Every structure is written in structure tokens, then in C-alpha cells.
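Asker: Mind having a look at this structure? Questions to follow.
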Amino acid sequence: MTIRHHRAVGAFAAAGALALALTACGSGSDGGDAAETVSPEDISAALEEGGDLLVWAWEPTLDKVVEDFEAEYPNVNVELANVGTGNDHYVALQNAISAGSGVPDVAQMEYYALPQFSIGGSLADLAPLGASELDGTYSPGPWGAVTDGDAVYGLPMDSGPMALFYNAKTFEDAGVEVPATWDEFVTAAEKIHAFDKNTYITADNGDAGFATSMIWQAGGHPFEVSGTDVTVNLADEGSAKFADMWQQLLDDDLVADVPAWSDEWFQGLGSGEIAALVTGAWMPANLESGAAPASGDWRVAPMPQWTEGSNETAENGGSALSVTEASTKKALAYGFLEYANAGDGVATRLEGGNFPATLADLEDEKFLAEESEYFGGQKINEVLSASATGVVPGWQYLPYQVYANSVFPDTVGQAYTGSTSLSDGLAAWQDSIVKYGNEQGFTVGE
Amino acid sequence: MLTPLVKERPHLTTLASPPAVPKTAGRMRLRTRWTGWGFVGPFMAVFALVFLAPIAYSLWLSLFQTQLVGGTTFVGLDNYARVLADPQFWDGTGRVALFLLVQVPVMLGISLLVALAIDSGRLYGRDFFRLAIFLPYAVPGVVAALMWGFMYGERFGLVGNFNDLFGTSIPDPLSSALVLPAIGNIVTWEFVGYNMLIFYSALRVVPTSLYEAAEIDGAGPWRVITAIKLPAIRGALVVATIFSIIGSFQLFNEPSILQPLSPNYISTHYTPNLYAYSLSFSGQQYNYSATVAIVMGVLTMIVAYVVQLRGMRKEA
């Protein structure tokens, strides 16, 4: 049954996208099978019948979702395991998949890492299980990240449309207007640092996630992926726009050289010495817990624009839940996904502080009207939801972005030490990406 | 009653003994052999499981290449050729070699001084010193690296506080030029006590009669050190040096813990071990990673063996 289904999915998928899954089947005789679709009734039946589900995720709000889910479907027993966050999780998952045993039925997938597993044939296409019906349920950024042609490799759990989080007190003290464009941002950076030599407009010591999101917003398409054909161009217009602008900040030492998530970083955010962050909409909860001393000082503004008055943004971070190809209970697993990320689970997660990927919630009056105490009573969701509507379409990550991001400090990071320029750093990053991709059997062009 | 027995014995002996004697002896020998194995067995089983098997598996892995697209293929010795021509591998190896040449003599020198000072008997609070200097070794390496990472913080760490308080401008210990010395400092702090203990225990077994004889001959303390103490602990010096060489080549904890604090200065191939780790854990290049580990193991063995040969020759 599984094998037949697997083949059917392969035949069903857009040409090339699942070339690997087909190769894995290793036979040419399976081209004629009709695609098997699973009806919503089949999913309900699977949920009623029940069984054990193994879920690997680190998203904290899922604890409550699992509890509620098990109460609703008493025959299903979900084991939620946290095998690590980010890279550790992917390593464990890759190992389990390589070993062919202990593979979870459901796994959390950050949007940047998803292609690595979907191209590798490790994730099940959810379209035949009914996921294509959910087109239009999610905001375009996350939906674009989990789909490849007609195939759907996960259901978005949260999203990170970018915005400018800033410390209004520091900006006021320095007499600086909140920047609406990147040109104004550079000017503001100069003024803030001139006002106090220990204060910086933002902190950045080379973060692949940030850089790629910035290139995304600037309209760049450095990675284009079609099956196993990859084109890399980290010198395209969007990439160059970002590199030139950010280089000005690096040249004049206008950004704090503090690694994100470090102790120093949180202290700087709390003390006002790091005056702003351009990051994903999931940030508020982190500020509240990590930069408590600055409570009441922070505000949210739209992400600075390249053209004044436009609303072009990008996604930063966020993750989906995916069903693994190795799972023998795909219908049941999909039932859980639907509950957690499209059904009742969404409200539970929002209460826990998640930023939604679902359009209905992003447009919900109550959600938009929420006033955040930490942000001085500002209705921050209005700004963040508006950002979600402006995400520039068409962005793609590499099918091996996890590796690419790991060598970012070796290459682009060198621009932050002053030993090279951002554009040369990006060129060096491109070289590593091309070399690795070709070694791994992709056809990588520049 | 006795006579028949006596009579029978030669009879038996002549007929049955010749084949029987080697048989029982053989059984005895066999049993002795197995008794030996019985004692060594548990060790051998564990040794095979945790030492030989992983090495064999690494060797096996190093002969293949696994691609994200295309699966696994046999490539023979290609991975080895690639390692030997890999600038990133040699960059890391060069760095640990430099570390070895500078940090190990400094660390062993300090350990030796401390051991001699404690052994001299002129130190007040000898036991306290011995314990205090050994204490850092009891701190797990990861904890030590984390702790030093906090202290090295230029903005909010100890270095930052010091600069703020005294208006000094100590440069960032985690910046390019200083990050290797900063790591050397952590390793030295951790292992001075351990090496001191090796030297000190070697010094304790030197017979006191030698010192008495030296005193009668009119030798000063310096002469006692150079003529008696140092030659007496040469074996311990060689052992400590070999341990340190292995430790240097395997440098991993400290750079790995400090990497998030200084990602642009501590690259993914900063040391060979870190390179092997990055290759397998973020690059999924398990085969190539195994090859790097094997090549590094062989290099370490060669260097350690050369040092041992030289050390022993001096001793002879």
C-alpha cells in the first residue's frame, strides 16, 4: 500500500520536482498508475480509528495543541518529541531517514530547510491528502514556501513577515525620525551612533537568514531551483542593492558586532544600546522575555522600503509541519497537521504567542485590535499583518540551505571583520554553494 | 590387592599411556588457553565494539561517496586524494600545529615550574596550591569554555567591565588575531593542573637519598633540579608531551563553544576536528568527514610516535 501510494505520488507530482522519489523507486513501470486521492472522509475515519503518531518538533505551543487533539480524538496517541532545535533537529531527522528507522510521522520544518528534505524525497506530498484545498488559507509567503508546483510539502505553522522593531526612547533621545526607507535608515544609523558612541541602530555580525531575507525584499532571486537544477546568482540586482546599502553601515562601523541571541545581544536590546531590529513578526515574545528592562520603550514600524511609499516585505523564519515519506500513517498524520495548523489548533497556538500564517487570523478584527503592553499599548498586529500582505512573491531557498547557511560566516561573515567587502563575500559564498551543490549531484549553474 | 594394581599399571601405561598423555596435556593446554581468553574476553569485546568497530566502519565509509542526488557510490581512495588537496583541511591542520608549537611548551613549562615549586618543600600551604591548581581540570571542558566565553565579552563581559572601570582598551579577545591565543589560554588554564600532577607524582618517587648525596657533594637547588629531578622525570615529560600533542590535534570543545560568539573568526574548518564535525553535521558529508578523521588520526599517530622515539632515545 505504501509503496503503491509512494509511486502514485511520484507520478502525480510536477515533472522534475520529485525526480528523486522516482529514482528511489528505481523502476520505470510505475508511470501509468492513477493518482490515489484521499477524501476528507478517509482522514476522519483514520482519526476515529486512531493509532500512534510520532511528532518531532520544538515549537512550544504544540504541547497544548497535542493535549487538546488527544482529547478530541481519544484513539490517537501523539508522542511529541523535541530532538533539538534547528540544525540539531535536521541532523537527527536526516540520520533517521538515512538509517530508515525511527523516522517520525510528522516533523517541524523551518521554511528555509524544507526544500532540502522535499527535494530529497523525504517529505510526503500532501496534495492528494487534501492539502491543495487549503490554497488561499495561508498568506502567500508561507504558502509559497511549502509548495512546489502542485505539490504541498507541509502546512504552515507560523510566519515571520518582517518589520522594524525599534526602541522609541533611544530614537527620541537621539532626535532621530523612524526611517521609512533604507536611505533614511542609513542616515538614522549615523545620527544614532553620533549621538552616543555605545549605541547602534542595530546589531548584525553576519546572519544568513537576515541577509537572504533582505535580498528577498530587495527583489533578488539569488537561488532558482527546478528539480535538481539550481541556479545561483548572489550578484543579481536585489543582492547588489542589499550589499551596497549594508556595506555603508559596515564601513562606518554603524552596526553593533554582536551575535544574535547571545547574552550581549539581549542586554543591548534591554539597555537601548541596540536601538532597532529588522526581523520577523515572531519577535515580540522574545523581546518581552529577553529584553524586559526596555518594556514600554519598543514600537513596531513597517520594514524600511527601497521605494518610498511601497509595501514590499519578506519573510524571516517561521516553520511548517510536514509528514515524512517514511510514515506508514500518512492519513492520520495529515489529520493531525490539519487540526494543528488549519483547525482548532491555530487558536491555541496564537494564545501561546505564535504569529499566524493563516489569512483568517491575520485579518481577524480581534487579533488586529490587540494592544501590547510591552509595546506601550501599540496595536502591533496591525503593522505585522500589513507586512504579511506585502511579501514579495517568487522567492526560493536552496535545496541545501542548511549547509549553505552554515558556511555563511566563513565567506560573507568575513565582510563583517573588515577583511573583505559584502559583495566579495557574497561571491565567495556563491562559490561554496556551487561547489557543494555539484559535489552533491545537483546541476548548479551561475 | 596391591599387586594386581601394580602389575596392571605398567601394562596400562605401556598400552594406553602413549596416546593418553598428549591427549590430557592437550586438553590442559586448551583449557589454559581458554582461561586466558576468559580474562581478556570482556575487555576484548568492549575494545572491539567501541574501538575497532568504529575504526573499521570509518574506513569502510571513507571509500564511498553519498550524494543528496544520486545516492551512494564506491569511489575507492578518491576521498583521501581530496583531503590531501583540501586547503580547508590544511588550514585547520596548520592552525593546530601552530597551537601545538606555542601552547604546549608554555603549558608544560608552567606545569613543570609549579610541580618543582610544590616538590621543593619550601612552599607554604603546599596542599592548598596543589588542589587549587588542579581544580580547573575538574571543571568539564564545555563549562570551562562557556565560562571563559562570558569573561571574554568585550561589551558586557569581564573584559568589557574592566575596560569600563579602568578606562583601558583591552582589545576583543575573540577578534581575529587574538582568538587562537584566547583558546590557548583556556586550554592552559584547564590542563596545567593535570600535567603538574603527572610531574609531581614522578618527582615524589625520586629516592631522597639522591638529594642527600647531592647536598653532601655541595650541589645547590638549581643543580639538584637539572642533574637529578629533570632526568628522573623525563619519562613523565615524554608522556605529558604526547598527551598534549594528541589533545592539540583534537582541539574541538573550545572553538566549538566559542564559535557562536565569534562566528566570523572561528570558521567551520578552524580545527580538523571542527571541520569533520561541520562536514557531517551540517554538510551531511559523512564519508568525507570519516576520511578527514582518519587522515588526522594517522597524522597524530605519526607526530606522537616521532616524539616518543626521540624521547626514548634521549632516555637511553
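The values are calculated or read from the model by the stated rules, or taken from the named source; none is laboratory data. As the structure is a prediction and not an experimental result, all values here were calculated from the model. Neighbour counts are summed over all protein chains in view; Cβ atoms, including those assigned to glycine, are modelled from backbone coordinates with ideal geometry. Just so you know, the surface numbers come from the protein's heavy atoms only, side chains and all, with ligands and any DNA or RNA stripped out. Shrake-Rupley method; radii C 1.70, N 1.55, O 1.52, S 1.80 Å.
Asker: Within region B:178-201, how many residues turn out to be of a type in the set (F, W, Y) and in contact with a Leu (Cβ under 7 Å, 6 or more places away or on another chain)? Spell out how you get there, then give the answer.
Answerer: Keep residues of region B:178-201 that are of a type in the set (F, W, Y), which gives B:189, B:191, B:194, B:199-200.
Next, from what is left, pick out any that are in contact with a Leu (Cβ under 7 Å, 6 or more places away or on another chain): B:199.
Within region B:178-201, residues that are of a type in the set (F, W, Y) and in contact with a Leu (Cβ under 7 Å, 6 or more places away or on another chain) number 1.
Asker: Which one of these is modelled with pLDDT of 85 or more and open to solvent by less than 30 Å² (accessible area, probe 1.4 Å): B:L116, B:L146, B:L135, B:L131?
Answerer: Numbers: B:L146 fails: open to solvent by less than 30 Å² (accessible area, probe 1.4 Å); B:L135 fails: open to solvent by less than 30 Å² (accessible area, probe 1.4 Å); B:L131 fails: open to solvent by less than 30 Å² (accessible area, probe 1.4 Å).
The conditions single out B:L116.
Asker: Filter region A:154-173 down to residues that are within 25 Å of A:I201 (Cα to Cα) and either of a type in the set (D, E, K, R) or open to solvent by 10 Å² or more (accessible area, probe 1.4 Å) (or both), then give me how many there are.
Answerer: Qualifying residue count for the region: 6.
Asker: Cβ-Cβ distance below 6 Å, separation of 6 or more or different chains: which pairs start in region B:213-236 with a residue that is surrounded by 12 or more Cβ atoms within 10 Å (Cβ to Cβ) and end on one that is among the acidic types (D, E) and part of a helix (DSSP H, G or I)?
Answerer: Taking only residues 6 or more apart or on different chains, the pairs are B:R234/B:E315.
Asker: Then there is this: Those residues that are assigned to a loop (DSSP other than H, G, I, E, B) and within 14 Å of another protein chain (Cβ to nearest Cβ), I need them from region B:132-166; list them, please. Write out each step before concluding.
Answerer: Of all residues in region B:132-166, those assigned to a loop (DSSP other than H, G, I, E, B) come to B:139-140, B:153-157.
Within region B:132-166, B:G153, B:E154, B:R155, B:F156, B:G157 meet the criteria.
Asker: For A:P259, work out the one condition from (1) under 23 Å from B:F150 (Cα atoms); (2) open to solvent by 30 Å² or more (accessible area, probe 1.4 Å); (3) in contact (Cβ under 8 Å) with a residue 24 or more places away in the chain; (4) not in a helix (DSSP H, G or I) it doesn't fulfil.
Answerer: For A:P259, the failing item is (2).
Asker: Of these, B:V179, B:V187, which one is more than 14 Å from chain A (Cβ to nearest Cβ), under 27 Å from the mean Cα position of the chain (by Cα) and open to solvent by less than 40 Å² (accessible area, probe 1.4 Å)?
Answerer: Numbers: B:V179 fails: more than 14 Å from chain A (Cβ to nearest Cβ).
None of the other options fit; the residue is B:V187.
Asker: Which residues, counting only those in region A:145-168, are touching a residue at least 24 places away in the same chain (Cβ under 8 Å) and more than 24 Å from A:G353 (Cβ to Cβ)?
Answerer: Step one: list which residues in region A:145-168 are touching a residue at least 24 places away in the same chain (Cβ under 8 Å), which gives A:145-146, A:148-168.
Within region A:145-168, A:D148, A:G149, A:D150, A:A151, A:V152, A:Y153 qualify.
Asker: Of these, B:L5, B:L68, which one is modelled with pLDDT under 95, surrounded by fewer than 14 Cβ atoms within 10 Å (Cβ to Cβ) and not assigned by TED's automatic domain parsing to the domain that holds B:N185?
Answerer: Values: B:L68 fails: surrounded by fewer than 14 Cβ atoms within 10 Å (Cβ to Cβ).
None of the other options fit; the residue is B:L5.
Asker: To continue, here is another question. Working only within region A:419-433, note down all residues that are within 11 Å of chain B (Cβ to nearest Cβ) and either open to solvent by less than 10 Å² (accessible area, probe 1.4 Å) or touching an Asp or Glu at 6+ places or on another chain (Cβ under 9 Å) (or both). It would help to see each step written out before you state the result.
Answerer: Residues of region A:419-433 within 11 Å of chain B (Cβ to nearest Cβ): A:419-420, A:425, A:432.
Within region A:419-433, A:G425, A:S432 qualify.
Asker: Anything in region A:53-101 that is more than 27 Å from A:E351 (Cα to Cα) and away from chain B (no Cβ under 14 Å)? List them, or say none.
Answerer: Scanning region A:53-101 gives a single hit, A:S101.
Asker: So in region B:78-116, with the set limited to residues that are within 22 Å of B:L230 (Cβ to Cβ) and free of Cβ contacts under 8 Å to residues at least 12 places away in the same chain, which one is farthest from the chain's Cα centre (by Cα)?
Answerer: B:L113
Each row is one residue, and each column tells you yes or no for (1) within 13 Å of the chain's Cα centre (by Cα); (2) not in a loop (DSSP other than H, G, I, E, B).
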{"site": "A:G136", "(1), (2)": "no, no"}
{"site": "A:P142", "(1), (2)": "yes, yes"}
{"site": "A:A145", "(1), (2)": "yes, yes"}
{"site": "A:S159", "(1), (2)": "yes, no"}
{"site": "A:M162", "(1), (2)": "yes, yes"}
{"site": "A:F165", "(1), (2)": "no, yes"}
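Asker: Are any residues in region B:255-292 at the interface with another protein chain (Cβ under 7 Å from one of its Cβ atoms) and either part of a loop (DSSP other than H, G, I, E, B) or at pLDDT 95 or above (or both), and if so, which ones? Break it down stepwise before answering.
Answerer: Step one: of region B:255-292, the residues at the interface with another protein chain (Cβ under 7 Å from one of its Cβ atoms) are B:260-261, B:263-265, B:267-268, B:278, B:281-284.
Of everything in region B:255-292, those that are at the interface with another protein chain (Cβ under 7 Å from one of its Cβ atoms) and either part of a loop (DSSP other than H, G, I, E, B) or at pLDDT 95 or above (or both) turn out to be B:P263, B:N264, B:Y265, B:S267, B:T268, B:S282, B:G283, B:Q284.
Asker: For residues that are among the polar types (S, T, N, Q) and open to solvent by 40 Å² or more (accessible area, probe 1.4 Å), scanning just region A:352-396, find the one that is modelled with the highest pLDDT.
Answerer: A:Q378
Asker: Among the numbered criteria (1) over 25 Å from B:F150 (Cα atoms); (2) hydrophobic (A, V, I, L, M, F, W, C); (3) over 19 Å from the mean Cα position of the chain (by Cα); (4) away from chain B (no Cβ under 13 Å), which one does A:A276 miss?
Answerer: Failing condition for A:A276: (1).
Asker: Another question about this same structure. If you go through region B:84-107 one residue at a time, how many are open to solvent by less than 60 Å² (accessible area, probe 1.4 Å) and within 17 Å of B:L237 (Cβ to Cβ)?
Answerer: Final tally of qualifying residues: 4.
Asker: Same structure again: Hey, A:R349 hits all of (1) assigned by TED's automatic domain parsing to the domain that holds A:L54; (2) of a type in the set (K, R); (3) within 30 Å of B:A177 (Cα to Cα) but one; which does it fall short on?
Answerer: (3)
Asker: Could you identify the single residue in A:G353, A:G437, A:G441, A:G413 that is of a type outside the set (A, V, I, L, M), touching a residue at least 40 places away in the same chain (Cβ under 8 Å), at positive phi and within 14 Å of another protein chain (Cβ to nearest Cβ)? So that I can check it myself, show each step before the final result.
Answerer: Values: A:G353 fails: within 14 Å of another protein chain (Cβ to nearest Cβ); A:G437 fails: at positive phi; A:G413 fails: at positive phi.
One residue alone meets the criteria, A:G441.
Asker: Out of the helices (runs of 4 or more DSSP H) lying entirely within region A:34-120, which hold 2 or more residues that are exposed (fewer than 14 other Cβ atoms within 10 Å of the Cβ) and not basic (K, R)?
Answerer: A:40-49, A:62-72, A:87-99
Asker: Going through region A:257-270 one residue at a time, which ones are more than 9 Å from every other protein chain (Cβ to nearest Cβ) and at pLDDT 90 or above? Even if it seems obvious, please write down each step before you answer.
Answerer: Let us first name the residues in region A:257-270 that are more than 9 Å from every other protein chain (Cβ to nearest Cβ), namely A:260, A:265-266, A:269-270.
Selection gives A:W265, A:F266, A:L269, A:G270.
Asker: Determine whether region A:318-328 contains at least one residue that is among the hydrophobic types (A, V, I, L, M, F, W, C), in a loop (DSSP other than H, G, I, E, B) and open to solvent by less than 40 Å² (accessible area, probe 1.4 Å).
Answerer: Looking only at region A:318-328, we keep the residues that are among the hydrophobic types (A, V, I, L, M, F, W, C), and these are A:320-321, A:323, A:326.
Now restrict to residues that are in a loop (DSSP other than H, G, I, E, B): A:326.
Filter once more, so that each one left must be open to solvent by less than 40 Å² (accessible area, probe 1.4 Å): none.
No - not one qualifying residue is present in region A:318-328.
Asker: Out of all the residues in region A:217-256, which are part of a loop (DSSP other than H, G, I, E, B) and within 14 Å of chain B (Cβ to nearest Cβ)?
Answerer: Our first condition is that a residue be part of a loop (DSSP other than H, G, I, E, B); within region A:217-256, this holds for A:218-222, A:227-228, A:233-236, A:252-254.
If the condition is that a residue be part of a loop (DSSP other than H, G, I, E, B) and within 14 Å of chain B (Cβ to nearest Cβ), then A:G227, A:T228, A:D253 are the ones that fit.
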